[in-house]
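Below: the structure, in structure tokens.
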Amino acid sequence: MSRPDIAVTGLGAITPAGTGLDAAWSQVCRGAPTAATDPGLAGLPVDFSCRIPESDIGAVIGRRKLWRLDRFTQLALFAADEAVRDAQLDPRTWDGARVGVVIGCGLGGARTWEAQHLRLKDQGAESVSPMLIPMLVPNMAAGEISLSLGARGPSVVAATACASGASALSIAHDWLTGDRCDIVVAGGTESGSTPLMVTGFHRAGALSTRSNDPAGASRPFAPDRDGFVMAEAAAILILERAADARARGVRPRALLAGTAASSDAYHPTDPHPQGTGAQTAMVAALADARFSARDVDHVNAHATSTLKGDTAEANVISRMFPHRPSVTSNKGALGHSLGAAGALEAALTVLSIQQSTVPPTANVDAPAPEFDLDVVTKKSRPQRIQAAASNSFGFGGHNVVVILTAG
């Protein structure tokens with residue numbers, strides 16, 4: 001049976017590179033790291049992160065909202081506003097009942113959790129904000145976007161750890177091909193660089209400990225990598241059927257050609273050493289897109305800069321794609337934004353397709369010699385891209401792969 005092409009018509013983001021997706025694109029194309037010492041983590045074993053620069057978020061989402069929203073929701077609203085405008089849509093005129101919202105988020109209101117717990121501990125119960133629950137629950141990222149845009153279709157938050165943003169795109173794809181929606185606001189958001197969260201990831205052995213060189217700490221696929229760098233970000237993609245977009249005079253930025261997910265069922269935090277679950281997702285995503293492995297000429301890797309994770313992914317990519325497509329990881333420049341990462345990297349992959357450019361993997365002169373990969377390093381590479389795979393993997397054994405093509 002034929003099914004409609006799903007178009008990406010709008011992109012929005014706020015990242016450690018600054019406000020707007022163009023700022024992130026510029027940063028990754030220059031291969032410039034954003035990691036730096038974080039005053040909020042002073043005194044901890046890991047005292048650096050990739051933070052969003054000070055910006056006037058309130059000017060976009062409304063200053064009266066700021067006090068009642070955790071930062072992860074603020075970021076999501078900011079990115080959604082940019083994406084809707086980029087798609088040339090007007091929420092005042094669309095049929096809100098046919099607009100869905102699906103957002104990926106791994107941690108929810110981590111900042112609120114920690115701040116309000118300290119209040120309870122130090123000042124007593126009456127000091128705790130009556131807005132505590134709506135500030136911290138992860139679903140409020142989708143709920144507040146729906147409220148802001150008048151989107152009355154399905155509204156969901158996907159929580160698949162570091163694959164959450166990609167899971168959101170996969171769900172949105174299903175809603176559109178299944179005719180549940182005409183437009184979906186899809187993406188991911190996270191602001192989890194708090195003392196407790198950073199300490200937790202450090203105790204799990206996941207973070208780089210290069211406090212003497214924060215900028216050089218995130219080193220995907222490098223032989224001397226030692227863990228990822230926490231980051232905050234939000235990225236939103238507007239998805240709709242390509243025929244609908246063209247009917248209103250908008251040319252798709254790219255097509256979301258296929259998606260798939262799988263589970264390792266192996267370990268709570270470690271990836272399967274042979275990457276069997278990741279390979280299952282890649283094979284299924286290609287089948288969903290009706291492509292062969294050889295059709296893929298670029299891979300935006302999950303590649304967080306961990307020893308086990310990068311090794312498993314590198315081995316799967318080399319097995320799946322022996323023709324050696326170009327490979328990059330945006331996390332060298334932007335860090336690992338957890339639940340936002342999959343959406344952010346998909347958005348940057350759209351720009352790679354549009355701009356015929358593959359950004360370099362920051363901080364990497366060459367991949368580890370045991371990896372048979374064509375990792376782009378040092379400078380951006382001009383390349384015409386017809387089809388790209390964007391990989392996302394998460395604690396719990398979640399694997400999500402999306403296939404993007406030229407529109």
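The values are calculated or read from the model by the stated rules, or taken from the named source; none is laboratory data. For clarity, every value in this text was computed on a predicted model and none was experimentally measured. With ideal geometry, Cβ positions are generated from the backbone for all residues, glycine too; neighbour counts draw on all protein chains shown.
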(message) Taking the condition of being in contact with an Asp or Glu (Cβ under 8 Å, 6 or more places away or on another chain) and within 20 Å of Ala235 (Cα to Cα), how many residues in the stretch 349-397 meet it?
(response) 5
(message) When you scan the stretch 361-371, do you find a residue that is at pLDDT 95 or above, crowded, with 23+ Cβ neighbours inside 10 Å, under 17 Å from the mean Cα position of the chain (by Cα) and over 24 Å from Ala215 (Cα atoms), even just one?
(response) no
(message) Criterion first (closer than 30 Å to Asp372 by Cβ, within 19 Å of the chain's Cα centre (by Cα) and of a type in the set (Gly, Ala, Ser)) does Gly227 satisfy it?
(response) yes
(request) Please name all residue pairs, on different chains or six or more residues apart, with Cβ atoms under 6 Å, provided the first residue is in the stretch 91-114 and is more than 16 Å from Gly200 (Cβ to Cβ) and the second residue is in a helix (DSSP H, G or I) and among the β-branched types (Val, Ile, Thr). (result) Val101/Ile145; Val102/Ile171
(request) Within the stretch 33-46, identify whether any single residue is touching a helix residue (DSSP H, G or I) at 6+ places or on another chain (Cβ under 7 Å), part of a loop (DSSP other than H, G, I, E, B), closer than 30 Å to Thr405 by Cα and at pLDDT 95 or above, and answer yes or no. (result) yes
(request) Name, by its number, the condition in (1) of a type in the set (Ser, Thr, Tyr); (2) buried (at least 21 other Cβ atoms within 10 Å of the Cβ); (3) in contact with a His (Cβ under 8 Å, 6 or more places away or on another chain) that does not hold for Thr194. (result) (3)
(request) Give just the number: which of (1) within 23 Å of Gly106 (Cα to Cα); (2) within 20 Å of the chain's Cα centre (by Cα) does Ile317 not satisfy? (result) (1)
(request) Inspect all residues belonging to the stretch 306-323 and state whether any of them is on the phi > 0 side of the Ramachandran plot and not assigned by TED's automatic domain parsing to the domain that holds Ala222. (result) no
(message) Test of understanding: among Gly339, Gly397, Gly335, which residue is under 21 Å from the mean Cα position of the chain (by Cα), surrounded by fewer than 23 Cβ atoms within 10 Å (Cβ to Cβ) and farther than 27 Å from Arg251 by Cα?
(response) Gly397
(message) Any residue at all in the stretch 222-236 that's closer than 30 Å to Ile6 by Cβ and surrounded by fewer than 24 Cβ atoms within 10 Å (Cβ to Cβ)?
(response) no
(message) Kindly evaluate Ala125 against the criterion of being among the hydrophobic types (A, V, I, L, M, F, W, C) and touching a residue at least 24 places away in the same chain (Cβ under 8 Å).
(response) no
(request) Look at the stretch 58-71 and say how many of its residues are outside any loop (DSSP other than H, G, I, E, B) and either out of contact with any Leu (no Cβ under 7 Å at 6 or more places or on another chain) or under 23 Å from Leu196 (Cα atoms) (or both). (result) 7
(message) Just to be sure I understand, how many residues within the stretch 47-73 are farther than 15 Å from Pro16 by Cα and at pLDDT 95 or above?
(response) 4
(message) Quick test of your reading of the structure: Ser26 fulfils all but one of (1) within 19 Å of the chain's Cα centre (by Cα); (2) surrounded by 17 or more Cβ atoms within 10 Å (Cβ to Cβ). Name the failing condition by number.
(response) (2)
(message) When you scan the stretch 2-16, do you find a residue that is touching a helix residue (DSSP H, G or I) at 6+ places or on another chain (Cβ under 6 Å) and assigned to a helix (DSSP H, G or I), even just one?
(response) no
(request) State all residues of the stretch 192-211 that are farther than 14 Å from Gly43 by Cβ and not hydroxyl-bearing (Ser, Thr, Tyr); if no residue qualifies, say none. (result) Gly192, Met197, Gly200, Phe201, Arg203, Ala204, Gly205, Ala206, Leu207, Arg210
(request) Evaluate the following for Thr259: is it in contact (Cβ under 8 Å) with a residue 12 or more places away in the chain and in contact with a helix residue (DSSP H, G or I) (Cβ under 9 Å, 6 or more places away or on another chain)? (result) yes
(request) Mind listing whichever residues of the stretch 314-332 are closer than 16 Å to Val401 by Cβ, among the small types (Gly, Ala, Ser) and buried (at least 24 other Cβ atoms within 10 Å of the Cβ)? (result) Ser329
